[in-house]
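The values are calculated or read from the model by the stated rules, or taken from the named source; none is laboratory data. Just so it is clear, the model here is predicted, and its values are computed rather than measured. When we count neighbours, we look across all protein chains shown, and the Cβ atoms used for this are built from the backbone with ideal geometry, even at glycine.
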């Protein structure tokens, strides 16, 4: 099961938010919270607030709706920052001109999932030894390939 939290129309660049989200993807929630607490980016506080909201959504479902969820086994399954609408602004420029620029917004989404403990994984059945081990890649010949002449030796300078 997946537990989501979404923040829309955040006044920050999606590119800058993605830098922070890439730090927490695939991590346990506790590790992600610690990472965000010590990340020196402006959007880290907002991402941490959103992550906390996703954890609260999971705990609400486990308590109120009767869904079997262990909050300690949650990890960040998906974290994306998409483009929101852009605000077009004008900055005064020399000689009465104007420069246009854009204020970007981001839609941030974090999805958590429960990671199964190591003991509950299904055991794989191995029929043959060759099926268990992948085939090793063929080694290339050192030096030159077949059909080409080896490079000649240069004469020593006098």
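At a glance:
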| quantity | calculated |
| --- | --- |
| Hits in region 89-108 - residues which are closer than 15 Å to residue 9 by Cα and free of Cβ contacts under 8 Å to residues at least 40 places away in the same chain | 102 |
| Meets criteria (touching a helix residue (DSSP H, G or I) at 6+ places or on another chain (Cβ under 8 Å), assigned to a loop (DSSP other than H, G, I, E, B) and either at pLDDT 95 or above or surrounded by 12 or more Cβ atoms within 10 Å (Cβ to Cβ) (or both)) for residue 67 | yes |
| Test set (1) closer than 15 Å to residue 114 by Cα; (2) assigned to a loop (DSSP other than H, G, I, E, B) - residue 30 fails condition number | (2) |
| Counted residues, region 1-30 - those being surrounded by 14 or more Cβ atoms within 10 Å (Cβ to Cβ) and either within 15 Å of the chain's Cα centre (by Cα) or over 12 Å from residue 110 (Cβ atoms) (or both) | 16 |
| Conditions (1) within 24 Å of residue 31 (Cβ to Cβ); (2) under 16 Å from the mean Cα position of the chain (by Cα); number of the one not met by residue 67 | (2) |
| Selected residue (only one of 76, 80 is surrounded by 13 or more Cβ atoms within 10 Å (Cβ to Cβ), assigned to a strand (DSSP E or B) and in contact with a helix residue (DSSP H, G or I) (Cβ under 6 Å, 6 or more places away or on another chain)) | 76 |
| Residue 16 being farther than 30 Å from residue 70 by Cβ and touching a residue at least 12 places away in the same chain (Cβ under 8 Å) | yes |
| Residue ID - surrounded by the fewest Cβ atoms within 10 Å (Cβ to Cβ), chosen from residues in region 31-46 that are touching a strand residue (DSSP E or B) at 6+ places or on another chain (Cβ under 9 Å) and more than 15 Å from residue 75 (Cα to Cα) | 46 |
